[in-house]
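A short worksheet on the structure shown next.
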Amino acid sequence: MLIRSVFSAAVLSLAACSAVPSIAQNAGSDALADATAQGRPVKVMIITMFGPEGQAWLDRIGPWKTISVPGLSPDYPDVHCNKQDVCVITTGMGYANASASIMALTFSSRFDLRHTYFLISGIAGVDPAQGTVGSAAWAKYLVDFGIQWELDAREIPAGWNTGYLGINTKSPTEKPPLDYRNEVFQLNAKLADAAYVLSRNVVLADSPQAQVARSKFNYAPANQPPSVVQCDIASGNTWWSGTRLGQRARDWTKILTDGKGVYCMTAQEDNATFEALKRAASIKRVDLNRVAALRTGSDFDRPYQGQTSADNLLNYADQGGFVPATENLYRAGNPLVQDIATHWGEWRDGVPRR
């Protein structure tokens, strides 16, 4: 369930498989890449999608300098940068906002992003088989849940367990030909592992309401305190809830990653964000080996035993995960951000060996 909560006046707003993509060598791209040298260098660019995700960072590691960038969301028209050369952008929610804002950012002459590390930092629905509300997950794969064919579940053929199947396939178990080129992305595993090592022992935020919500599950890790884990992200603009849809997310992740990925977080923007970064990388404005993705569980993607999927979706705010999830974006993400910023000599040329 793709959930972003909006708190009253402040907003309680609902919240391709290949090796790590290389930077394309396009004719004439050197001039474009060189042009970025005139912009402000950035060590870490934190990518958030809506106000509370961004505020989790803006409230802490300032003071900030505000830099307006043409083409960003009218709701979030500025990038904020501090003295450590750490910056925060808020793209707006959903695929269209994310891709448009990241394209505007990466093609702006106001920044030099050639050596920048990008941290996608957002809340998400969590698979109770892999985590719980408040858990923080570092991903190695970004899977697009939305690029599928769909039949109404009431009309699926006999023997099928879902109405979803890959485009131009004949059954739900077949891997599609990946004609879109953005169905699945593999992140730099070395960076994901480094981020996990730096953050795995942090104390994560929790809430009494979240503790009650997780106690209704009769298995771990759903009913355990939140922790930092490694597992993968399924993105899509359609918000969903349910055991069967959740199982399809698990299966789809396995299919697209050839069995290597483990689904645990359902988000909305990440494949669109990465595709926009890939376009910039094709003319050497960014380095795709420097992209990390962190999602924290704000609600469960499926019901506990005895609960309906509709109740899980419609009453997601009762799970108490929004506040700890937004807080844990900072708690789990900041160790990586600070290590890069304060040991830039080790990180400038790539993820250091330690």
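Given the residues Thr296, Thr273, Thr266, Thr342, which is the only one that is among the β-branched types (Val, Ile, Thr) and out of contact with any Leu (no Cβ under 9 Å at 6 or more places or on another chain)?
Of the residues listed, the single one that is among the β-branched types (Val, Ile, Thr) and out of contact with any Leu (no Cβ under 9 Å at 6 or more places or on another chain) is Thr342.
Of the residues in segment 207-238, how many are part of a loop (DSSP other than H, G, I, E, B), closer than 14 Å to Val126 by Cβ and within 22 Å of the chain's Cα centre (by Cα)?
Residues in segment 207-238 being part of a loop (DSSP other than H, G, I, E, B), closer than 14 Å to Val126 by Cβ and within 22 Å of the chain's Cα centre (by Cα): 6 in total.
Quick check on this structure: which one of Gln186, Gln230 is within 18 Å of Ala292 (Cα to Cα) and in contact with a Cys (Cβ under 7 Å, 6 or more places away or on another chain)?
Gln186 is the lone residue from the list that is within 18 Å of Ala292 (Cα to Cα) and in contact with a Cys (Cβ under 7 Å, 6 or more places away or on another chain).
Filter segment 314-324 down to the residues that are assigned to a helix (DSSP H, G or I) and open to solvent by 60 Å² or more (accessible area, probe 1.4 Å) and list them by number.
Leu314, Asp318, Val323
Is it the case, given these coordinates, that Met49 is under 28 Å from Ser207 (Cβ atoms), open to solvent by 30 Å² or more (accessible area, probe 1.4 Å) and touching an Asp or Glu at 6+ places or on another chain (Cβ under 9 Å)?
For Met49, the condition - under 28 Å from Ser207 (Cβ atoms), open to solvent by 30 Å² or more (accessible area, probe 1.4 Å) and touching an Asp or Glu at 6+ places or on another chain (Cβ under 9 Å) - is not met.
When you scan segment 296-312, how many residues do you find that are assigned to a loop (DSSP other than H, G, I, E, B), open to solvent by 20 Å² or more (accessible area, probe 1.4 Å) and not aromatic (Phe, Trp, Tyr)?
The number of residues fulfilling the criteria is 4.
Just for segment 85-101: of the residues that are among the aliphatic types (A, V, I, L, M) and either open to solvent by 10 Å² or more (accessible area, probe 1.4 Å) or in contact with a Lys or Arg (Cβ under 8 Å, 6 or more places away or on another chain) (or both), which one is nearest to Ala267 (Cα to Cα)?
Among residues in segment 85-101 that are among the aliphatic types (A, V, I, L, M) and either open to solvent by 10 Å² or more (accessible area, probe 1.4 Å) or in contact with a Lys or Arg (Cβ under 8 Å, 6 or more places away or on another chain) (or both), the one nearest to Ala267 (Cα to Cα) is Met93.
Taking the criterion of being buried (at least 24 other Cβ atoms within 10 Å of the Cβ) and either among the aromatic types (Phe, Trp, Tyr) or under 26 Å from Ala98 (Cα atoms) (or both), would at least one residue in segment 162-172 satisfy it?
No, that holds for no residue.
The values are calculated or read from the model by the stated rules, or taken from the named source; none is laboratory data. These figures come from a predicted structure and were not determined experimentally. Positions of Cβ are backbone-derived with ideal geometry, glycine not excepted, and every protein chain shown enters the neighbour counts. Areas reflect the complete protein model, heavy atoms only, side chains present, ligands, DNA and RNA absent. Shrake-Rupley method; radii C 1.70, N 1.55, O 1.52, S 1.80 Å.
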